[in-house]
Amino acid sequence: MLWINDHLSIADWELTESFTRSQGPGGQNVNKVESAVELRFEADRSPHLAPAVKARLKRLAGRRWTTDGAIVIRAEETRSQTRNRDLARERLVELIRAALVAPKRRVATKPTLGSQRRRVTAKLQRGEIKALRGKVEDE
(Lines give C-alpha, C1' and ligand atoms only; values in the text may rest on other atoms or scores of the structure.)
Protein backbone atom coordinates (compact mmCIF):
# COMPACT_ATOMS: atom_id res chain seq x y z
CA MET A 1 0.00 0.00 0.00
CA LEU A 2 1.40 3.38 -1.08
CA TRP A 3 0.00 6.42 0.73
CA ILE A 4 -0.37 9.64 -1.29
CA ASN A 5 -2.04 11.74 1.42
CA ASP A 6 -4.35 11.18 4.41
CA HIS A 7 -7.33 10.28 2.20
CA LEU A 8 -5.75 8.57 -0.80
CA SER A 9 -3.71 5.40 -1.08
CA ILE A 10 -2.73 3.13 -3.96
CA ALA A 11 -3.14 -0.62 -3.69
CA ASP A 12 -0.25 -3.00 -4.32
CA TRP A 13 -1.94 -4.64 -7.33
CA GLU A 14 -1.76 -1.30 -9.20
CA LEU A 15 2.03 -1.18 -8.89
CA THR A 16 4.48 -3.42 -10.72
CA GLU A 17 8.24 -3.28 -10.21
CA SER A 18 10.87 -4.75 -12.47
CA PHE A 19 14.61 -4.65 -11.90
CA THR A 20 17.31 -4.29 -14.56
CA ARG A 21 20.99 -3.50 -14.69
CA SER A 22 21.82 0.20 -14.50
CA GLN A 23 23.52 2.01 -17.35
CA GLY A 24 26.72 4.01 -17.17
CA PRO A 25 29.96 3.55 -15.24
CA GLY A 26 30.04 1.49 -12.08
CA GLY A 27 32.80 -1.08 -12.40
CA GLN A 28 32.01 -4.72 -11.75
CA ASN A 29 28.90 -3.79 -9.78
CA VAL A 30 27.05 -2.50 -12.85
CA ASN A 31 27.64 -5.75 -14.73
CA LYS A 32 26.23 -8.12 -12.15
CA VAL A 33 23.73 -6.29 -9.89
CA GLU A 34 20.23 -5.39 -11.09
CA SER A 35 19.88 -2.12 -9.19
CA ALA A 36 17.77 -0.07 -11.62
CA VAL A 37 14.04 -0.03 -10.84
CA GLU A 38 11.21 0.41 -13.33
CA LEU A 39 7.97 1.20 -11.49
CA ARG A 40 4.74 0.78 -13.43
CA PHE A 41 1.48 2.26 -12.14
CA GLU A 42 -1.78 1.32 -13.86
CA ALA A 43 -3.23 4.82 -13.58
CA ASP A 44 -6.04 4.47 -16.12
CA ARG A 45 -7.48 1.39 -14.38
CA SER A 46 -7.07 2.78 -10.85
CA PRO A 47 -10.39 2.98 -8.95
CA HIS A 48 -8.85 5.36 -6.42
CA LEU A 49 -8.34 8.30 -8.80
CA ALA A 50 -11.11 10.55 -10.12
CA PRO A 51 -11.39 11.05 -13.89
CA ALA A 52 -10.29 14.71 -13.59
CA VAL A 53 -7.22 13.67 -11.61
CA LYS A 54 -6.41 11.01 -14.24
CA ALA A 55 -6.60 13.63 -16.99
CA ARG A 56 -4.25 15.98 -15.13
CA LEU A 57 -1.95 13.06 -14.34
CA LYS A 58 -1.78 12.11 -18.01
CA ARG A 59 -0.83 15.67 -18.93
CA LEU A 60 1.80 15.89 -16.17
CA ALA A 61 3.31 12.46 -16.90
CA GLY A 62 3.98 13.29 -20.56
CA ARG A 63 6.18 10.62 -22.18
CA ARG A 64 6.03 8.45 -19.07
CA TRP A 65 2.32 7.74 -19.84
CA THR A 66 2.03 4.62 -22.02
CA THR A 67 -0.63 3.88 -24.63
CA ASP A 68 -2.35 1.36 -22.34
CA GLY A 69 -2.76 3.98 -19.59
CA ALA A 70 0.14 3.20 -17.27
CA ILE A 71 2.84 5.45 -15.86
CA VAL A 72 6.39 4.10 -16.08
CA ILE A 73 9.01 5.62 -13.79
CA ARG A 74 12.64 4.50 -13.99
CA ALA A 75 15.16 5.12 -11.20
CA GLU A 76 18.83 4.19 -11.50
CA GLU A 77 20.64 6.99 -9.67
CA THR A 78 22.11 5.02 -6.79
CA ARG A 79 23.90 1.66 -6.54
CA SER A 80 21.33 0.42 -4.03
CA GLN A 81 18.24 -1.33 -5.36
CA THR A 82 16.17 -0.42 -2.29
CA ARG A 83 17.14 3.26 -2.54
CA ASN A 84 16.23 3.32 -6.24
CA ARG A 85 12.94 1.65 -5.38
CA ASP A 86 12.20 4.34 -2.78
CA LEU A 87 13.16 7.09 -5.26
CA ALA A 88 10.78 5.73 -7.91
CA ARG A 89 7.93 5.52 -5.39
CA GLU A 90 8.64 9.08 -4.16
CA ARG A 91 8.52 10.38 -7.74
CA LEU A 92 5.19 8.66 -8.32
CA VAL A 93 3.76 10.13 -5.11
CA GLU A 94 4.93 13.65 -6.08
CA LEU A 95 3.40 13.26 -9.53
CA ILE A 96 0.03 12.15 -8.15
CA ARG A 97 0.05 14.92 -5.51
CA ALA A 98 0.65 17.48 -8.26
CA ALA A 99 -2.28 16.03 -10.23
CA LEU A 100 -4.57 16.22 -7.19
CA VAL A 101 -4.29 20.02 -7.09
CA ALA A 102 -6.96 21.48 -9.36
CA PRO A 103 -5.78 24.62 -11.20
CA LYS A 104 -7.59 27.87 -10.40
CA ARG A 105 -10.04 29.04 -13.01
CA ARG A 106 -8.96 32.27 -14.64
CA VAL A 107 -11.44 35.11 -14.24
CA ALA A 108 -11.52 37.27 -17.37
CA THR A 109 -11.17 40.99 -16.58
CA LYS A 110 -11.32 44.08 -18.77
CA PRO A 111 -8.24 46.29 -19.07
CA THR A 112 -8.59 49.57 -17.17
CA LEU A 113 -9.13 52.83 -19.03
CA GLY A 114 -5.74 54.11 -17.87
CA SER A 115 -3.92 51.01 -19.16
CA GLN A 116 -5.70 51.32 -22.52
CA ARG A 117 -4.63 54.96 -22.84
CA ARG A 118 -1.03 54.14 -21.86
CA ARG A 119 -0.97 51.40 -24.48
CA VAL A 120 -2.23 53.71 -27.24
CA THR A 121 0.22 56.50 -26.37
CA ALA A 122 3.10 54.01 -26.33
CA LYS A 123 2.02 52.77 -29.77
CA LEU A 124 1.88 56.34 -31.08
CA GLN A 125 5.36 57.13 -29.74
CA ARG A 126 6.74 53.93 -31.27
CA GLY A 127 5.10 54.82 -34.60
CA GLU A 128 6.71 58.28 -34.56
CA ILE A 129 10.14 56.74 -33.93
CA LYS A 130 9.66 54.35 -36.85
CA ALA A 131 8.40 57.17 -39.11
CA LEU A 132 11.64 59.10 -38.50
CA ARG A 133 13.70 56.15 -39.79
CA GLY A 134 13.07 57.00 -43.46
CA LYS A 135 15.61 58.37 -45.93
CA VAL A 136 17.00 61.78 -45.17
CA GLU A 137 16.32 64.20 -48.05
CA ASP A 138 18.09 67.53 -48.71
CA GLU A 139 15.84 70.55 -48.68
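The values are calculated or read from the model by the stated rules, or taken from the named source; none is laboratory data. For clarity, every value in this text was computed on a predicted model and none was experimentally measured. Don't worry about glycine lacking a Cβ; one is built from the backbone with ideal geometry, like all the others, and counts go over all protein chains shown.
A few comments on the model shown:
- First in the stretch 34-53 and without any contact (Cβ under 8 Å) to a residue 60 or more places away in the chain, second anywhere and surrounded by 21 or more Cβ atoms within 10 Å (Cβ to Cβ) and hydroxyl-bearing (Ser, Thr, Tyr), Cβ under 8 Å, 6 or more apart: SER35/SER22; ALA36/SER22
- Subset of the stretch 50-90 (residues that are touching a helix residue (DSSP H, G or I) at 6+ places or on another chain (Cβ under 7 Å), part of a helix (DSSP H, G or I) and surrounded by fewer than 18 Cβ atoms within 10 Å (Cβ to Cβ)): LEU60
- Cross-chain or 6+ apart pairs with Cβ under 7 Å, the stretch 54-77 first and free of Cβ contacts under 8 Å to residues at least 40 places away in the same chain, then among the hydroxyl-bearing types (Ser, Thr, Tyr): VAL72/THR66
- Extreme residue, farthest from GLY62 (Cα to Cα), among residues of the stretch 84-101 that are among the hydrophobic types (A, V, I, L, M, F, W, C) and touching a strand residue (DSSP E or B) at 6+ places or on another chain (Cβ under 9 Å): LEU87
- Qualifying residue in the stretch 74-89 (condition: under 21 Å from VAL101 (Cβ atoms), modelled with pLDDT of 85 or more and out of contact with any Gly (no Cβ under 6 Å at 6 or more places or on another chain)): yes
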